[in-house]
Structures are given as C-alpha cells and as structure tokens.
Amino acid sequence: MWLLFALLSSILLGGYDILKKSSLKGNSYIPVLFVATASGAILFFLVLMLSRCNIVKMDSLFYVPQISLTEHLWYILKAILVGSSWIFAYNALSKLPITIVAPIRSTGPVWTLLGAFCIYGERFNNVQWIAFLIVIFSSYLFARAGKNEGINFKYNHAIWAIFAATLLGSMSSLVDKYLLSQYDRMAVQTWYSMYMGVFMLIPLSFWWPKRNITPTFVWKWTIPMIGICLSVADFMYFYALSRPEALLGVVSVIRRSSVVIAFTLGAILFKEHNLKAKGIALLGIIIGVTLLVIGSH
C-alpha cells in the first residue's frame with residue numbers, strides 16, 4: 001500500500017507542476033499563488049474543524065491533534081520558508097519554460113544534503129560525492145540548453161529566482177527532518193498549510209494597488225486545483241513514509257520521478273523547444289538524485 005501511495009504522490013506532483021504553468025500563462029503570479037495557497041489552507045481547515053468536532057476520530061488517518069505553542073512557532077517558520085520559496089518559484093515559472101524550471105527544482109535533495117552536511121554534521125560518502133558532481137554537471141548542461149533559447153543563466157533574474165526557490169525549499173526539508181521526527185504528520189501539514197494562507201496575504205497586499213497593471217489576474221479553474229493537488233500529494237507522501245515497512249530510499253526516488261511527468265507533459269502541452277539537450281541534462285539529474293538516495297541508505 002505504501003508503494004501505491006508513493007506512486008500516486010509522484011503523479012500528483014507532476015500534475016501540480018502542469019497546473020501551475022497552465023494557471024500562470026498570461027496571468028499575474030501573486031494572486032494565482034494566493035488562491036492556490038488559500039485552497040490548500042481551506043482544505044486543511046475543514047479537516048481541523050472535523051477533528052475538533054470529533055467527526056474525524058483520533059484513530060483516523062486524517063485526525064489533527066492538539067498542539068503546543070512551540071509547535072505553532074515551528075509551523076510558522078516552515079510556512080515562511082515554503083511561502084518564500086513559492087514566491088520565487090511562481091515568479092520564475094511565469095517567465096521560464098517548465099522544461100527548465102522543473103528539472104532545476106528536482107535538484108533540491110542535493111542542496112538538502114549539503115545543508116545536512118553543514119547543520120547536522122552529516123558526511124558525504126563516495127557515492128554521494130559522485131551524485132553531487134553529476135547533478136552540478138547536469139545543471140551546467142541545462143545552462144547551455146537555455147542559451148539556445150536566449151536564456152542566460154548568469155544574468156536572467158528568473159533563473160536566480162528558481163535557484164532561490166530550490167534552496168529555500170531545501171531549508172524547509174531540513175526543518176521537516178526535525179518536525180516529522182517530533183510531531184504528528186497531520187498536525188505539521190495542517191497548521192503549516194493554514195499559516196501559509198495567512199503569510200500569502202503579505203505579497204497580495206503589495207500586488208493589490210497594482211492589480212490593474214498588466215498582467216492582470218484572470219480566473220482559471222486550474223488555480224484552486226494547484227493547492228488541492230499538492231495537499232493530496234503531500235498527504236500521500238507523508239502517509240507512505242509513516243508506514244513501518246516503507247523503504248525511504250524507494251519512496252524518495254519515486255517522488256522525485258515527478259519531474260519526468262512535468263517535463264514530458266509540459267513539452268507536449270506547451271510546445272516547448274530544445275527538448276533533446278534538456279532531456280540529456282534531465283537524465284543526468286535523475287541519475288544523480290537516484291545515486292544520492294542510494295548513497296544515503
């Protein structure tokens with residue numbers, strides 16, 4: 001069962017990336033981000049209320065327990081990290097091809113490992129060093145592929161934004177490593193999702209006075225589906241990890257395979273170019289991330 005949940009999570013993550021790109025096409029990214037985040041926050045608020053009313057029982061997979069003030073502070077920190085990451089990511093995705101953005105985002109485990117190296121005192125083994133070098137070289141190949149589309153990795157602000165989003169996401173993963181070892185998974189996902197909705201009021205307040213400036217906000221049904229799709233994908237991922245028989249390495253590799261779905265569907269739906277060079281670089285990243293997981297376990 002845990003393997004099925006991991007696979008479904010990966011498929012939903014691939015769909016999540018496609019929904020983002022479709023929603024951002026010709027649209028202002030700040031309100032899209034707010035509606036997407038609010039959709040996930042509302043979903044988990046309903047789960048929280050059902051738990052408090054005892055409609056969702058304590059032995060249910062969806063039950064949200066009571067939490068302490070310390071936990072609230074941790075979830076606010078996670079919301080700020082993830083929210084900041086999303087602001088950079090949505091900005092970049094509104095300006096760059098998904099066949100560039102999705103593979104760069106998939107390098108997150110490498111930067112998480114570097115963070116663990118610095119914060120938790122973890123050390124690279126030979127396999128992990130090889131994986132790290134493969135990912136770095138593959139990122140260089142993406143830079144070369146991007147130049148053929150007029151994207152200069154050194155001077156393009158959107159490229160720097162997606163790298164910032166990836167690094168912030170990796171910092172969030174380091175926080176997750178602690179939170180999921182100490183606190184209930186539904187409490188983590190529910191409260192950080194709701195705090196994310198509150199946090200996104202800040203960029204929305206800056207956008208609102210300029211809402212009539214191009215690009216303006218255009219409603220699309222895909223926008224609320226972004227938050228719902230991600231929430232369900234994360235729930236399945238956390239559930240898969242919570243099973244005692246689950247293999248963390250297998251779950252991690254399956255989850256990261258979502259980049260293949262996003263890359264393939266993005267290339268077809270959005271008719272993006274230079275796919276051969278990007279595909280070779282993507283293959284390198286997949287090999288590197290897979291070796292990274294193998295070396296970690």
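The values are calculated or read from the model by the stated rules, or taken from the named source; none is laboratory data. Only a predicted model underlies this, so the values are computations on that prediction, with no experimental measurement involved. All Cβ positions, even for glycine, are placed from backbone atoms using ideal geometry, and neighbour counts span all protein chains on display. Side chains are part of the model used for accessible areas, which takes the heavy atoms of the whole protein and leaves out ligands, DNA and RNA. Shrake-Rupley method; radii C 1.70, N 1.55, O 1.52, S 1.80 Å.
Side notes on the structure shown:
- Translational diffusion coefficient (Stokes-Einstein; Kirkwood radius from C-alpha pairs) of the stretch 13-56 at 20 °C, 1.002 mPa s, in µm²/s: 178
- Extension gain, Q182 to L3: 0.36 nm times the residue separation minus the Cα-Cα distance gives 62.0 nm.
- Among V56, V188, V232: highest mean-square fluctuation, GNM of the chain, C-alpha pairs under 10 Å: V56
- Difference of contour (0.36 nm per residue) and Cα-Cα distance, H157 to L201: 13.5 nm
- Percent carbon-and-sulfur accessible area, the chain, ignoring ligands, DNA and RNA, probe 1.4 Å: 70
- Percentage of interatomic Cα-Cα distances in the chain larger than 30 Å: 31
- Only the Cβ atoms of Lys and Arg (+1) and of Asp and Glu (-1) were treated as charged; on that basis the dipole of the chain about its Cα centre amounts to roughly 800 debye.
- Taking the chain and dividing mean pair separation by its residue count, relative contact order in percent (alpha carbons under 8 Å, at least six apart): 44
- Using a probe of 1.4 angstrom and keeping all protein chains present, the accessible surface of the stretch 1-121 works out to 42 square angstrom per residue.
- Remark: spin-label model distance H273-L61 equals 4.5 nm, labels positioned 7 Å along the Cα→Cβ axis.
- If you bin all the Cα-Cα distances of the stretch 153-270 at 10 Å, starting from zero, the percentages per bin are 9, 29, 38, 20, 4, 0.
- The chain: DSSP helices with Cα axial extent of at least 20 Å and average Kyte-Doolittle hydropathy no lower than -1.0: 2-24, 29-52, 69-93, 126-147, 157-182, 185-199, 222-242, 275-296
- Net charge of Cβ neighbours under 14 Å - reference I30; Lys, Arg +1; Asp, Glu -1: +4
- Residues of type lysines that K154 reaches as a straight line, Cα spacing below 27 Å, ignoring anything fewer than 8 places off in the same chain: K20, K21, K25, K95, K271, K276, K278
- By the equivalent-ellipsoid construction on the alpha carbon gyration tensor, the stretch 1-139 comes out with semi-axes of 30, 24, 17 Å, ordered largest to smallest.
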